[in-house]
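The values are calculated or read from the model by the stated rules, or taken from the named source; none is laboratory data. No experiment lies behind these values; they were computed from the predicted model shown. In this analysis, Cβ positions are derived from the backbone assuming ideal geometry, glycine residues included, and neighbour counts consider all displayed protein chains.
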Amino acid sequence: MWKRFRSNMGAMVGVALLIAVIVVAVIAPMLFPQGPWQMVQRPFLAPFAVDGLPLGTDTLGRNVAAQLAYGAQVSLLVGLVSTLVALLIGVPLGALAGFYGGYVDEGAMRFTEFFQTIPNFALAIVLVAIFEPTLTSITVAIAIVSWPPVARLVRAEVMSVRTREFVDAARLAGLSKQRILIRQVLPNTVSPIIVMASLMVATAILLESSLSFLGLGDPNAMSWGYMIGAARTVIRTSWWLSFFPGIAIVITVLALNLIGEGLNDAFNPHLSRKGKA
Amino acid sequence: MTIFAVIVSRLSKAILTLLAIAILNFFLIHAAPGDPAVVLAGEAGAADEQMIEQLRERFGLDQPLYVQLGKYVAGIVQLDLGYSFRQGAPVAELIADRLPATLLLTLTAFVVSLVMGIVFGVSAAARVGKPSDSVLTTLALLFYATPLYWLALMAVLVFSVWLGWLPGFGYETVGANYTGFTRVLDILSHLILPALTLGLFFTAVYMRMARASMLEVSQLDFVKTAKAKGLSDAVIRRRHILRNAILPVVTLAGLQAGQLVGGAVLTETVFAWPGIGRLMFESLAARDYNTILGVFLVSAAMVILFNIVTDIVYRIVDPRIGARS
């Protein structure tokens with residue numbers, strides 16, 4: 001499996017890009033000990049106009065490179081934690097629906113369908129606006145709009161694994177239903193969940209950046225979306241202020257998508273190359 | 001089921017969903033930190049003491065929760081979405097004013113991205129493994145990773161600021177007072193950038209789906225039969241694979257419509273497009289919750305409508321669906 005993943009060019013590029021972003025996020029406090037908020041020079045300095053400020057300064061004279069580095073922390077953190085929370089909602093719900101069937105399934109799926117019908121970005125906006133933008137509310141809002149596909153996936157996987165012979169064997173051996181679900185069925189659904197999770201982190205990063213672009217970011221956290229939103233009105237004169245954070249988002253999201261697809265191909269070799277885009 | 005029965009069952013389900021969203025909205029207002037009356041009046045000091053008192057009375061905020069809920073839902077059923085104190089007008093009126101612009105933008109973006117997505121997806125699948133396939137899939141991967149609003153900003157920068165080819169702002173030329181055909185052309189020129197940038201992300205999504213679907217269908221047995229019959233590759237692709245591959249793409253595209261409506265908030269914000277998404281953005285800064293929740297409800301209604309329409313189109317195109325269920 002790892003051999004297949006490693007031989008996938010796209011996936012390795014993704015891993016390299018993601019590692020670069022993680023390194024920048026981790027060493028941000030060492031590179032820029034003064035933090036992302038401090039004014040370092042006069043505002044609107046173009047990239048390379050002054051030594052030590054390779055990406056210039058923003059509308060308030062803050063160091064764009066420092067803002068980018070600290071923004072990486074927020075993007076990765078929100079992307080990762082909101083995906084974990086979404087898994088915590090979606091996996092149990094989907095597992096129960098798929099394993100027990102009947103009314104449990106009916107109820108769980110109606111609930112999931114309802115959340116899938118609601119335009120998810122609009123719901124995220126409403127949730128963050130009402131509960132005030134903080135890292136917690138943003139993370140929870142993104143999790144609330146992202147769990148339905150997980151529930152559907154886990155349900156479908158559990159339903160197919162449930163009918164396999166080793167599950168019958170476990171039942172004959174006298175294992176309780178919960179034990180069968182947790183010990184026998186769920187471990188067999190892990191690989192598609194991992195693939196979906198890596199793609200969800202990418203989507204979550206896009207969602208977080210979109211929210212903070214609209215002014216719904218945590219006011220105490222520097223984020224890429226906020227940078228673009230703040231520079232929006234000066235795009236005619238200072239294009240670089242919107243340009244670089246956007247590139248940072250594209251690189252991070254692209255890296256995660258490449259990794260997700262690489263994992264998918266590695267887990268499903270018979271589908272890879274030909275079947276998947 | 002006949003088409004008519006399908007429409008009735010889908011509409012009744014849609015009404016239930018909208019009621020559920022109305023109830024969700026009600027509880028969100030009550031979950032917001034602070035006094036619901038103040039929440040409804042909006043922040044930024046828009047409401048005075050007397051107004052808040054009136055609101056309390058009108059919504060019966062001194063009564064039990066279920067009475068309040070009944071009043072709120074009854075209001076929404078009568079298309080009363082509350083009053084925007086910031087804009088000084090009923091929310092339903094504000095939304096009705098802005099809805100045509102959003103419908104024009106999202107429908108154009110939907111059609112453009114679906115057509116482009118299928119065309120690119122089908123041509124990529126036809127040349128699978130060749131350089132042109134790699135170029136198309138790489139581009140799709142890139143646009144799939146690009147934030148909508150950033151792409152929109154960059155489009156404004158390049159095509160409006162630097163090249164000056166297209167207007168990057170608004171719905172029509174302000175003060176020009178064009179009429180008739182000139183006005184239509186004017187609006188169209190304003191529509192191109194927002195519709196394309198909103199559509200490009202979804203073009204990438206639909207292209208990936210169309211490509212995967214084409215490749216999947218091309219491995220089925222009836223394609224082998226067609227090949228054995230001696231049909232040419234082009235005919236097999238057009239007559240046999242395409243027809244079977246496109247339907248799931250259309251259905252999935254209908255399901256994705258929700259994201260398109262949500263994306264309109266971002267696109268309209270960048271292009272100052274006077275739709276409900278822009279209205280929502282303007283209401284965010286003032287925490288004008290009545291308007292925010294109203295737009296939320298209406299955009300959910302739009303998504304449901306999109307889904308019903310694609311479902312019906314699907315059934316007309318492929319009669320087997322009706323026979324099966």
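Here is a yes/no grid of residues against (1) touching a strand residue (DSSP E or B) at 6+ places or on another chain (Cβ under 6 Å); (2) of a type outside the set (Ser, Thr, Tyr); (3) crowded, with 22+ Cβ neighbours inside 10 Å; (4) in contact (Cβ under 8 Å) with a residue 24 or more places away in the chain:
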position	(1), (2), (3), (4)
A:Met200	no, yes, yes, yes
A:Ile228	no, yes, yes, no
A:Ile235	no, yes, no, no
A:Gly262	no, yes, yes, yes
When A:Gly71 is run through (1) of a type outside the set (Val, Ile, Thr); (2) outside any helix (DSSP H, G or I); (3) within 28 Å of the chain's Cα centre (by Cα), the failure sits at (2)
message: I'd like to know if region A:91-99 contains one or more residues that are surrounded by fewer than 18 Cβ atoms within 10 Å (Cβ to Cβ) and away from every other protein chain (no Cβ under 14 Å).
response: yes
inquiry  = Can you say whether B:Ser283 is under 22 Å from A:Phe131 (Cα atoms), in a helix (DSSP H, G or I) and either under 10 Å from the mean Cα position of the chain (by Cα) or among the charged types (D, E, K, R) (or both), as far as the supplied structure shows?
reply    = no
Checking B:Ser213, B:Ser218 in turn, the sole residue that is at the interface with another protein chain (Cβ under 10 Å from one of its Cβ atoms), over 28 Å from B:Tyr149 (Cβ atoms), surrounded by 24 or more Cβ atoms within 10 Å (Cβ to Cβ) and in contact with a helix residue (DSSP H, G or I) (Cβ under 6 Å, 6 or more places away or on another chain) turns out to be B:Ser213
Matching residues in region B:286-306 (surrounded by 23 or more Cβ atoms within 10 Å (Cβ to Cβ), over 16 Å from the mean Cα position of the chain (by Cα), more than 9 Å from chain A (Cβ to nearest Cβ) and in a helix (DSSP H, G or I)) number 2
The helices (runs of 4 or more DSSP H) lying entirely within region B:1-71 that contain at least 1 residues which are surrounded by 14 or more Cβ atoms within 10 Å (Cβ to Cβ) and at pLDDT 80 or above are B:3-31
Per the list (1) in a helix (DSSP H, G or I); (2) without any contact (Cβ under 8 Å) to a residue 40 or more places away in the chain; (3) within 12 Å of another protein chain (Cβ to nearest Cβ), residue check on B:Ala96 breaks on (3)
Practice problem: Taking B:Thr310 as the residue in question, decide whether it is on the phi < 0 side of the Ramachandran plot, surrounded by 19 or more Cβ atoms within 10 Å (Cβ to Cβ) and at pLDDT below 80. | Solution: yes
Restricting region A:113-124 to residues that are at pLDDT 85 or above, touching a Ser or Thr at 6+ places or on another chain (Cβ under 9 Å) and part of a helix (DSSP H, G or I), the one nearest to the other protein chains (Cβ to nearest Cβ) turns out to be A:Phe121
With criteria (1) more than 25 Å from B:Met302 (Cβ to Cβ); (2) assigned to a helix (DSSP H, G or I); (3) more than 20 Å from the chain's Cα centre (by Cα); (4) not hydroxyl-bearing (Ser, Thr, Tyr), A:Val150 comes up short on (3)
Per the list (1) surrounded by fewer than 24 Cβ atoms within 10 Å (Cβ to Cβ); (2) within 20 Å of B:Val112 (Cβ to Cβ); (3) touching a residue at least 60 places away in the same chain (Cβ under 8 Å); (4) more than 10 Å from every other protein chain (Cβ to nearest Cβ), residue check on B:Glu268 breaks on (1)
If we keep only residues of region B:99-123 that are of a type in the set (S, T, N, Q) and farther than 21 Å from B:Asn25 by Cβ, then the residue nearest to the other protein chains (Cβ to nearest Cβ) is B:Thr106
Checked region B:124-147 for anything among the polar types (S, T, N, Q) and within 13 Å of chain A (Cβ to nearest Cβ); matches are B:Ser134, B:Thr137, B:Thr138, B:Thr146
Across region B:149-168, the tally of residues that are of a type in the set (Phe, Trp, Tyr) and either surrounded by fewer than 13 Cβ atoms within 10 Å (Cβ to Cβ) or more than 10 Å from chain A (Cβ to nearest Cβ) (or both) stands at 3
If we ask which residues in region A:125-144 are over 30 Å from B:Lys13 (Cβ atoms), touching a helix residue (DSSP H, G or I) at 6+ places or on another chain (Cβ under 8 Å) and either facing chain B (nearest Cβ under 8 Å) or in a helix (DSSP H, G or I) (or both), their number turns out to be 4
Across region B:169-199, the tally of residues that are within 14 Å of another protein chain (Cβ to nearest Cβ) and modelled with pLDDT under 75 stands at 0
By residue number, the members of region A:153-174 that are free of Cβ contacts under 8 Å to residues at least 12 places away in the same chain and part of a helix (DSSP H, G or I) are A:Ser160, A:Glu165, A:Asp168, A:Ala169, A:Arg171, A:Leu172
The helices (runs of 4 or more DSSP H) lying wholly within region A:179-277 that contain at least 1 residues that are away from chain B (no Cβ under 13 Å) and of a type in the set (Ser, Thr, Tyr) are A:190-213
### Query
Quick one: is A:Tyr70 closer than 30 Å to A:Phe243 by Cβ and among the aromatic types (Phe, Trp, Tyr)?
yes
Contact list, first residue from region B:237-254 and surrounded by 22 or more Cβ atoms within 10 Å (Cβ to Cβ), second anywhere and of a type in the set (S, T, N, Q) and outside any helix (DSSP H, G or I), beta-carbon distance below 6 Å, six or more apart or interchain, is B:Ile241/B:Ser218
